[in-house]
Amino acid sequence: MNIVALQTFLAIVETGSLVRASQRMNVTQSTVTARLKTLEDEIGQVLLNRQKSGTTLTPAGTKLLGYARIMTGLWRQAKFETALPAGLDAVCTFGCDRELWHGPGRRFFYDILSKHPEIAMSVHQGSANDLEAWLSEGSVDVILTYEAVARGSQTIHELPVERLVLYSDRNDTPIIGDPDYIFVDHGADFRRMHAQSYHDAGVARISFDSSWWALQFMLDNRGSAYLPEALADRFVRSGRIFAVPDAPVYTRKKCLVVSDSAAQGWSWFQPLVERLMDESALFNL
């Protein structure tokens, strides 16, 4: 089966049309159409319904989708590993939630980079759904995410919880009633706990779904916001932001999930997990 045809099929599904798929792949629309036809002829099924408004998956296309992602992911991984230059004999493909890069994500990356020069690293940012799908498909070997469910041959390593602390650019900010308060959406559990603690505080004028963006806005302008302790620590140490005394502190679970087949030959992996369990190490990057 032609890998390029599968990649084209995925591009059509992800963009929703042949035109946008051709733009993404930098080929003509007729090329995309020909590749799709070749794939459908080989399988003997229509995979996509073509309409003026775009494309939708047929039942056969829906069945193929998961396999296509697995096969293209394995092909990408195989190309990467077989093309390793001299001196490198293994690769670790790491998927990380963008909110966890500051702290445990960077620690995982730099630990391998500094202690294992024979290992090549490939890092991918994604949502929780993306990361779990990539791990199941074999596109990545290990993911750092919030709460996860092990699927098949995977092992979950629970890490110390993430602390969400109220910080401000001023050291006299009130817990409730700051007109410059920035709401950062840390997920459903945080929204529920936050609503209970601040039920009479009104609605924040500015909100972000990224801690890093909220912090940058705070530093560039002013304000207060709930941020992960690992992200905020170096800015606290430099005196640029301050923890608001007596404000509620919230926590989120986080975990490292690894493919058992990938980790089978990783003698370095368990010691790295144990180092990640040391919370103090997360604040020394």
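In whole angstrom, how far apart do the alpha carbon centroids of the stretch 1-58 and the stretch 180-196 sit?
Centre-to-centre distance over Cα atoms comes out at 41 Å.
Going by average Cβ neighbours within 10 Å, how do the peptides 234-241, 14-21 rank, with the highest at the top? Working shown, then result.
Numbers: 234-241: 13.9, 14-21: 17.0.
My ranking of the peptides, most packed first, is 14-21, 234-241.
Order of 125-137, 243-255, 101-113 by packing, highest average Cβ count within 10 Å first? Walk me through the numbers before you get to the answer.
Numbers: 125-137: 17.5, 243-255: 15.8, 101-113: 19.4.
Top to bottom by mean Cβ count within 10 Å: 101-113, 125-137, 243-255.
Just checking my list (i) 14.6; (ii) 27.2; (iii) 18.8 against mean projected area of the Cα convex hull in nm² computed from this structure; which label fits?
Recomputing mean projected area of the Cα convex hull in nm² here gives the entry labelled (iii).
Within the stretch 46-61, whose backbone N sits under 17 Å from a point 7 Å along Cα→Cβ of Ile70?
Residues 60-61 qualify, since their backbone N sits under 17 Å from the label point.
Towards the positive end of the charge dipole of the chain, with charges on Cβ (+1 Lys, Arg; -1 Asp, Glu), say which of Leu47, Leu64, Trp266 has the farthest Cα.
Farthest along the dipole direction, towards plus: Leu47.
Regarding the stretch 3-80, what is the average projected area of its C-alpha convex hull, in nm²? Don't jump to the answer; show the numbers that get you there.
Numbers: hull surface 19.7 nm².
Quarter of the Cα hull surface area: 4.9 nm².
Tell me the label-point distance for the pair Glu158, Val4, using the 7 Å Cα-to-Cβ offset, in nm and rounded to one decimal.
That separation, rounded to one decimal, is 5.0 nm.
Can you tell me the equivalent ellipsoid semi-axes for the stretch 96-247? Use √(5λ) from the Cα gyration tensor, largest first, whole Å.
Values: eigenvalues 207, 70, 30 Å².
After scaling each eigenvalue by five and taking roots: 32, 19, 12 Å.
I need the peptides 51-60, 143-152 ranked by packing, meaning the mean over residues of other C-beta atoms within 10 angstrom, with the highest value on top. Could you put the intermediate results ahead of the total?
On the way: 51-60: 12.6, 143-152: 16.8.
Top of the packing list down: 143-152, 51-60.
5 Å is the cut-off here: which amide hydrogens, built 1.01 Å from N in the peptide plane, fall below it relative to Gln154, excluding neighbours closer than 5 in sequence?
Amide H neighbours of Gln154, under 5 Å, 5+ apart: Asp260.
For Trp213 paired with Lys253, estimate the spin-label separation in nm (one decimal), with each label point 7 Å from Cα along the Cα-to-Cβ line.
With each label point 7 Å from Cα toward Cβ, the separation is 2.8 nm.
Figure the gain on full extension for Glu14 and Met193 (residue separation times 0.36 nm, minus the Cα-Cα span) and round it to one decimal in nm. Could the numbers behind the result be given before it?
Working: separation 179, 0.36 × 179 = 64.44 nm, distance 3.50 nm.
Separation in residues times 0.36 nm, less the Cα-Cα distance, equals 60.9 nm.
May I ask you to evaluate 6.51 cos²θ - 1.76 cosθ + 1.60, the Karplus curve with θ = phi - 60°, for each residue of the stretch 41-57 and list the ³J(HN,Hα) values in order in whole Hz, giving x for glycine and proline?
Once θ is set to phi - 60°, the couplings for the stretch 41-57 become 5, 5, 7, x, 9, 6, 9, 9, 8, 9, 9, 4, 7, x, 10, 9, 6 Hz.
Return the sequence-ordered ³J(HN,Hα) values of the stretch 156-168 in whole Hz as given by the Karplus equation 6.51 cos²θ - 1.76 cosθ + 1.60 applied to θ = phi - 60°, using x for Gly and Pro.
Karplus-based 3J(HN,Hα) across the stretch 156-168 equals 9, 10, 6, 9, x, 4, 8, 9, 9, 10, 7, 10, 9 Hz.
Computed from the coordinates by the stated procedures, all read-outs in this text should not be read as laboratory data. Nothing here was measured: the structure is a model prediction, and the numbers come from that model. Because the Cβ atoms are built from the backbone with ideal geometry, glycine has one as well, and the counts that use them run over all protein chains shown.
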